[in-house]
1. Of the residues A:343, A:362, which is in the same structural domain as residue A:329 (by TED's automatic domain parsing), free of Cβ contacts under 8 Å to residues at least 60 places away in the same chain and touching a helix residue (DSSP H, G or I) at 6+ places or on another chain (Cβ under 9 Å)?
2. Condition first: over 20 Å from the mean Cα position of the chain (by Cα) and touching a residue at least 60 places away in the same chain (Cβ under 8 Å). Now tell me which residues in region B:209-241 satisfy that.
3. Those residues that are surrounded by 21 or more Cβ atoms within 10 Å (Cβ to Cβ) and either in contact with a strand residue (DSSP E or B) (Cβ under 7 Å, 6 or more places away or on another chain) or without any contact (Cβ under 8 Å) to a residue 60 or more places away in the chain (or both), I need them from region A:163-172; list them, please.
4. Could you tell me which of the residues A:371, A:403 is under 29 Å from residue A:80 (Cα atoms), out of contact with any helix residue (DSSP H, G or I) (no Cβ under 6 Å at 6 or more places or on another chain) and buried (at least 19 other Cβ atoms within 10 Å of the Cβ)?
5. What's the total number of residues in region B:329-339 that are more than 10 Å from chain A (Cβ to nearest Cβ) and either touching a residue at least 24 places away in the same chain (Cβ under 8 Å) or under 13 Å from residue A:409 (Cα atoms) (or both)?
6. Looking only at residues in region A:13-26 that are in contact (Cβ under 8 Å) with a residue 60 or more places away in the chain and over 11 Å from residue A:174 (Cβ atoms), which one is nearest to the chain's Cα centre (by Cα)?
7. Whether any residue in region A:328-340 is touching a strand residue (DSSP E or B) at 6+ places or on another chain (Cβ under 9 Å), in a strand (DSSP E or B) and in the same structural domain as residue A:281 (by TED's automatic domain parsing) is what I want to check.
8. Output the number of residues of region A:292-312 satisfying the condition of being buried (at least 16 other Cβ atoms within 10 Å of the Cβ) and part of a helix (DSSP H, G or I).
C-alpha cells in the first residue's frame with residue numbers, strides 16, 4: 001500500500017467518525033486548536049524560520065518571503081480565525097426540506113459532510129489552518145498538500161492541530177498532511193479515487209490548470225478572475241471612478257480585482273480623463289484600444305491578449321463600447337465568469353446586465369472586490385468557485401457539505 | 001472547426017437565448033413538442049422500423065429490440081411525458097435567499113440554467129425526448145448523443161422537436177443531436193471543454209465508467225446501485241419479507257433494485273425460510289454465505305464477488321450478520337452509495353442506520369425501489385446521482401440549474 005492509500009484510508013475512517021460528532025464537541029476542539037496554536041508560538045516560529053532561511057538562500061523574492069513569514073502577530077490572527085470558525089453555525093444535520101410523497105413516505109433532505117476533502121495550495125502557511133478549520137467544522141476529514149516552500153511551517157502547524165484533536169477525543173487523522181511534496185506524488189494525489197470525495201486547489205491559475213488537467217477525482221475549480229467594470233452611458237461619473245479605482249488598486253493581486261474597464265461611448269470623453277487622473281497616484285498602466293486612447297494621455301496600445309489576461313498587477317485594459325449589448329458580449333466572451341460590475345443609474349440597463357452577464361457574481365453599482373466569503377457574510381471561505389456545478393462564487397461551510405435523503409416508511413412497497 | 005465545435009458553438013448561442021425566456025413561452029413550446037410528436041407518429045414509426053430491421057438483422061436479443069421499439073401507444077406516452085414536464089414548476093429565476101451585508105449591499109442567490117448539457121445514453125429512444133424536455137424546461141441547451149442502434153429513431157425525434165421549437169420562436173439549436181455515433185467522436189464529446197457545462201451519462205455501468213475515465217468536462221455520475229435490504233433483529237418478519245420481495249423482484253434490471261439481503265442472526269431462522277418461500281415463484285437464485293445457507297433449501301455458495309455485484313437480475317446475495325454494526329459496516333464497504341434500507345421496529349436501530357450508512361437515500365421500513373424522481377415528487381428525473389458533488393439521489397429540474405449572486409449597491413467600495 002502506498003503512502004497515499006494509507007493517508008486515504010485513515011482519512012476515510014476519521015471522516016466516518018467525524019460525521020457523527022455534534023456541533024458542541026467540534027467547537028470545543030476548535031477552541032482547543034486556537035489555544036494550542038497560541039501555546040506553540042515559539043515552535044511554530046522556529047519551524048517557519050527554517051523555511052524562511054531556505055527561501056532566502058534560494059533567492060526567493062521579498063514579497064513571496066513575506067507571504068511565507070509567521071510572526072507572533074500572524075499566529076494570533078490565525079488562532080483568532082479558528083475561533084471565528086468555531087462561532088459559525090454548523091450546517092451539518094439540518095434538514096433542508098421534508099415532505100410526504102404519494103405513497104405516504106416521509107422524505108427529508110439532510111445536510112451531511114462530503115467526507116474526505118483534499119486541498120492543494122501554495123506558499124501561505126495560514127491556509128493550512130484556515131482550510132483545516134473549515135473542513136473540520138463541516139464534519140469532513142482533510143488531506144492537505146501545501147507547497148514545498150512552507151514545508152516546515154505547515155508540518156509544525158498540522159502537528160499542533162493533530163495533538164489538539166487527540167486531546168479533545170477526536171481522531172488526529174481528521175487533519176493529515178502530505179509530507180511528500182514532489183510533483184509526482186501531487187499528481188497521484190489528484191487521482192486518489194475511492195478516498196477523495198473532492199479536491200480543491202487554492203492558488204495560482206497555473207496550479208488550478210494543472211489540477212483540472214490531471215485530476216480524476218471531482219474538483220472544484222476556483223479563483224481565476226478576469227473581472228470587468230462597465231461604466232454605462234447612465235453612470236454617475238464620480239461613483240464609476242470610485243468603484244473602478246477601488247476594484248483595480250485596493251489589492252490588484254487578488255481574483256476579484258478588476259482587469260478591464262469598459263466605457264460607454266456617450267461618457268468616454270468625460271469619464272476616461274477622470275479615471276486617468278485618479279489612477280495616476282497608483283501608477284496604473286493603461287492598455288487602451290484605439291477609441292479609448294484618444295481620451296488618454298499616457299497609455300500603451302491594447303492587443304486582444306490584454307483583454308484575455310488576468311494581470312493581477314497595476315495594469316488596466318480599457319475599451320470604449322458603443323452599447324450595453326457590446327459590453328455584455330465582450331464580458332461573456334473574455335470574462336472568466338467570476339465577478340462583473342455595471343455602474344449605471346438606468347434601471348433597465350442594470351437589470352439587463354445582471355440577467356445577461358454569465359458570472360458567479362454580477363454587481364450593480366458596487367466594486368467587484370466584495371466577492372469574498374467574509375464580505376458576503378459566510379464568515380470565512382475555502383475559495384471562490386468559478387464553475388457551475390455544486391458551488392458558484394464564495395464557498396463557505398455550506399459548500400463543504402452534501403445531502404442525504406432520509407426516508408421514513410411503514411412498510412411501503414412500490 | 002470540427003463538427004463538435006460547431007455543435008458546441010450553436011448550443012452556447014441557443015443557451016444564452018434560452019436563459020432569458022419566460023416560463024410561459026417555454027411551456028408553450030413544450031406543448032407544441034407534444035402535439036408535433038403526436039402528429040408525426042407515422043414518420044417516427046417508419047424511422048424506428050429502420051432501426052428495428054437492422055437490430056433483427058444483427059441478431060440483437062428480443063428484450064433489447066423491445067426497448068428500441070416505438071409504437072403508437074409509446075409515442076403517446078412520450079408526448080404525455082412532455083406535457084407533464086410543461087406542468088412542472090420552473091426553477092429558473094427564483095431567488096433562494098437575499099440579504100444585506102455589512103457594507104449595505106443587497107445580495108441575492110438566483111437560480112439560473114447550467115448552460116449547455118451533454119447527455120450520453122444507450123438504446124431507448126424515449127430518453128431523447130425525456131432528456132430534451134427536462135433540459136429545455138430548465139433553460140438549458142442540450143446536445144444528445146444516443147446509441148447507434150436507435151440512430152434513425154433518435155434523428156427523427158430530434159427533427160420533430162427542432163421543427164416545433166422553430167414554430168414557437170425558439171432556436172432549433174436548443175436541442176441538438178450528435179449524428180456521428182463513433183466511439184472516437186463520443187470521446188471527443190466528453191472533452192468538449194469550453195462548450196459543455198456538464199455531461200450526464202445515462203445507461204449501463206460500463207457506459208458510466210467510460211465517461212468517468214475519459215471526460216475532462218464536469219460529469220455527474222449516475223446510476224450504479226448495489227442496494228441492500230437489512231432485516232434487523234427487531235424487524236416485523238412479514239413487512240421485511242414484503243419489502244425484500246418488492247425490492248428484488250418488481251423490476252430487477254433497475255438501479256434501485258436490491259442485490260443483497262442482510263439478516264440479523266436473531267431472526268435468521270424464522271426469516272430466511274419465509275424469504276425463500278416468497279421468492280420461489282420468481283425463481284430468484286439465492287447466493288448465500290455459510291451462516292445464511294443453513295436456513296435455506298436451494299442456494300449456491302456466495303463468494304465475496306457476489307457481495308460486490310449489481311446483478312440486475314433474479315439473483316440475491318444473502319448474509320447473516322451478528323449485529324447492526326456489522327450490517328452498517330458491510331453496506332459501507334460493498335454498497336455503491338445509492339439506496340439502502342433497514343427494516344426494524346427499533347427506533348434506535350433505525351436512527352443509527354440512517355445516520356451511519358453513507359448513501360444517497362437511506363430508508364427505514366420501505367423498499368429501495370422508491371428512489372426515483374417521480375416517486376420522490378420531482379415530476380420527472382434526468383438520472384440518479386451517486387456522487388456527492390452538486391446533486392445526490394434523483395435529479396429533477398432543480399438539479400439542472402446553478403446559481404448566480406446578484407448584488408445591488410449604491411456605490412459601495414471595499
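1. Just one listed residue meets the conditions, A:362.
2. Of everything in region B:209-241, those that are over 20 Å from the mean Cα position of the chain (by Cα) and touching a residue at least 60 places away in the same chain (Cβ under 8 Å) turn out to be B:229, B:230, B:231, B:232, B:233, B:234, B:235, B:236, B:239, B:240.
3. Once the filter is applied, which keeps residues that are surrounded by 21 or more Cβ atoms within 10 Å (Cβ to Cβ) and either in contact with a strand residue (DSSP E or B) (Cβ under 7 Å, 6 or more places away or on another chain) or without any contact (Cβ under 8 Å) to a residue 60 or more places away in the chain (or both), region A:163-172 yields only A:165.
4. Unique residue meeting the criteria: A:371.
5. 6
6. Only one residue tops the list, namely A:23.
7. Checking region A:328-340: at least one residue is touching a strand residue (DSSP E or B) at 6+ places or on another chain (Cβ under 9 Å), in a strand (DSSP E or B) and in the same structural domain as residue A:281 (by TED's automatic domain parsing).
8. Number satisfying all stated conditions: 4.
The values are calculated or read from the model by the stated rules, or taken from the named source; none is laboratory data. As the structure is a computational prediction, the values presented were derived from the model and not from experiment. Virtual Cβ from ideal backbone geometry, glycine too; neighbours counted across all protein chains shown.
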